[in-house]
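Notes to accompany the following structure.
The values are calculated or read from the model by the stated rules, or taken from the named source; none is laboratory data. Model, not experiment: these values are computed from the prediction. Using ideal geometry, Cβ is built from the backbone for each residue, glycine included, and neighbour counts are taken over all protein chains shown.
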Amino acid sequence: MIRIENLNYAYKTGAKNQKQALVNINLEIADNSLTALIGHTGSGKSTLIRHLNGLIKPDSGKIFIDDTEITAPKADLRRVRFDVGLVFQYPEQQLFAETVYKDIAFGPENMKLGADEVKRRVYEAAEMVGLSEKPLEKSPFELSGGQKRRAAIAGVLAMKPKKLIMDEPAAGLDPRGREEIFALIKRLHKSGMTMLFTSHSMEDAAKTAERVIVMDKGKIFAEGSVAEIFARGGELRKIGLDAPQVTIIADKLRALGYDIPPVYTVEQMLLAIRKIIGGKNG
Amino acid sequence: MVDILIGQYLTGSSALHRTDARVKIILLILYAALLFIIKNPLSYAIFLIFTTALTMMGGIGFKAVMKSIKPLRWIIIFTAVINLFFTKGEPLLSFWKIAITAEGIDLAVKMTVRLLCLIVASSLLTLTTPPLTLTNAIESLLSPLAKLKVPVRELAMMMSITLRFIPVLAEEADRIIKAQTARGADFGSGGIISRAKSLVPVMMPLFISAFKRAEDLATAMDARCFISGAPRTKLHEEKLTPADARAGVVFVVFAAAVAAAELL
Ligand SMILES: Nc1ncnc2c1ncn2[C@@H]1O[C@H](COP(=O)(O)OP(=O)(O)OP(=O)(O)O)[C@@H](O)[C@H]1O
Ligand SMILES: [Mg+2]
């Protein structure tokens, strides 16, 4: 469980200037949940998730990871970082080693694990993200964009975190790359990991996540299930977001008199349309 | 370290901020020259008061001033100590082979005040002038050298491009450091070798991105027909304003006061 209480944070941009990035955040993220954090550019998503493994210290407020207060003065942040994996936006930009293998091994080696254990974890993580043995001996810079991204994610997975947080995991990937990333997120979630990812895409949030947290101007704007959040399309539009395209189409069709329930994903839409067509035919 | 180069500038709208950067540079040079010819203790006092007044007028806090002095503290201490112990004259105190003389104390105090004034005054320039304005001012002041075939414009261009990218790279470095920290990287502990080694995961990605940026910038400049050495116009032509005249007058009054103190 991740619990955030009354968190405030401002970036210090000058001697007197500061930019309030987070305002009185209260949140709880349950174990084994799959949550999307959405919000307009600059709403504070990245800032918030960097707090969750102690990379940023809040100005005020508390953060608990499984009953350990990581904002306490003497918190063991290194341990927290092994428990809460954080994949930055464009993580492939942080690849540095001569081979993919060595790059993935960086995290486990920092954990001071034995050589055998490191090796096991590297292969396991590579397999999880769908990198076979061959790319492991290549230089990270020889991989394709999608492969680089997955190699970088493997670098965090190899630390076997209980919770994994990803900042814009699909940003800048082509449709196939995006599919692969979201399939991976779902797989990791099924294997028991608590997953949280940020996104600009309502579609990605709707089709992948179970819960959705909406941020606006540093505050939590709304929180709930996919259906609860995207039923509020009008409010979302006011803060620069929207409901998924299929939801909007379904709403318009309903207004035209078609018998379509609220839908949030293409699959749900397909089912609804089939029902109508099937209903007419039969 | 980045702070030394860019984190310096503090936004503000004081008279010091509004004064033309070229005027500030010239006055700073005159100030420094004056500082090294004065002899009378009263002049040193005037310098201290004037510098303090300027700092307060610029709205520069004590902290920012200390931050600019701190990296140079050893030089200040070293100079003071050397002057204190190794100036010839009437010994006041002496033990073993070392003697402290009245002249030594006098010189040590004076040198310390000089260095402090110089450091604070020069950081007032960088604290109240945005880096790009500063390079433009230097270019403008050095432009006569262009006649001697010194590539002033190119040098200024290089300087401003460098300054332009320091914040970008600093931000990137910060992000990469955070990302590697999230993977359990441990900077700043262990011996020199392990510390140097721990920098690889930061420096490698940083270099790669810097080279990529440089290449992109070169392409973008080419695409817009950049020609090295072609005459360029500026978006904001810097014209002298009443604020600059006032700065000049203030400085003349100050210089007159110092001159009077010297002649008394
Ligand atoms: N290093 C920084 N210094 C100063 N201000 C910052 C810094 N990083 C972010 N900010 C500001 O804090 C606010 C929140 O930024 P943040 O990056 O958390 O937003 P975000 O929701 O992740 O945006 P995006 O969707 O564009 O990634 C923004 O207004 C931003 O300008
Ligand atoms: Mg972000």
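Numerical summary
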| quantity | calculated |
| --- | --- |
| Matching residues in segment B:158-214 - criterion: being buried (at least 17 other Cβ atoms within 10 Å of the Cβ), basic (Lys, Arg) and more than 13 Å from every other protein chain (Cβ to nearest Cβ) | none |
| Test: residue in segment B:134-156 that is part of a helix (DSSP H, G or I), at pLDDT 85 or above, within 16 Å of ligand 2 (Cβ to nearest atom) and touching a helix residue (DSSP H, G or I) at 6+ places or on another chain (Cβ under 7 Å) | no |
| Per-region count, segment A:147-168, residues within 22 Å of residue A:79 (Cβ to Cβ) and acidic (Asp, Glu) | 1 |
| Residue check, residue B:55 among the β-branched types (Val, Ile, Thr), away from every other protein chain (no Cβ under 14 Å) and in a helix (DSSP H, G or I) | no |
| Residue within segment A:81-92 that is touching a residue at least 60 places away in the same chain (Cβ under 8 Å), among the polar types (S, T, N, Q), within 14 Å of another protein chain (Cβ to nearest Cβ) and assigned to a helix (DSSP H, G or I) present | no |
| Counted residues, segment A:186-211 - those being among the hydrophobic types (A, V, I, L, M, F, W, C) and away from ligand 1 (no atom under 16 Å from the Cβ) | 5 |
| Candidate set: segment B:108-155, residues that are touching a Gly at 6+ places or on another chain (Cβ under 9 Å) and crowded, with 18+ Cβ neighbours inside 10 Å; chosen: the one nearest to residue B:19 (Cα to Cα) | B:128 |
| Single match in B:216, B:186, B:244, B:174 (criterion: more than 30 Å from the chain's Cα centre (by Cα) and part of a helix (DSSP H, G or I)) | B:216 |
| Any chance residue A:156 is within 20 Å of the chain's Cα centre (by Cα), within 16 Å of ligand 2 (Cβ to nearest atom) and at the interface with chain B (Cβ under 10 Å from one of its Cβ atoms) | no |
| Conditions (1) in a strand (DSSP E or B); (2) within 14 Å of chain B (Cβ to nearest Cβ): number failed by residue A:50 | (1) |
| Residue tally, condition within 14 Å of ligand 2 (Cβ to nearest atom) and more than 25 Å from residue A:181 (Cβ to Cβ), over segment A:20-55 | 2 |
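Residue by residue, here is whether (1) away from ligand 1 (no atom under 14 Å from the Cβ); (2) farther than 22 Å from residue A:191 by Cβ; (3) at the interface with chain B (Cβ under 10 Å from one of its Cβ atoms) holds:
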residue	(1), (2), (3)
A:20	no, yes, no
A:35	yes, no, no
A:46	no, yes, yes
A:54	yes, yes, yes
A:62	yes, yes, no
A:72	yes, yes, no
A:94	yes, yes, yes
A:101	yes, yes, no
A:105	yes, no, no
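Table: residues versus (1) within 13 Å of ligand 1 (Cβ to nearest atom); (2) more than 14 Å from every other protein chain (Cβ to nearest Cβ); (3) not charged (D, E, K, R).
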position	(1), (2), (3)
A:184	no, yes, yes
A:214	yes, yes, yes
A:223	no, yes, no
A:237	no, yes, no
A:241	yes, yes, yes
A:247	no, yes, yes
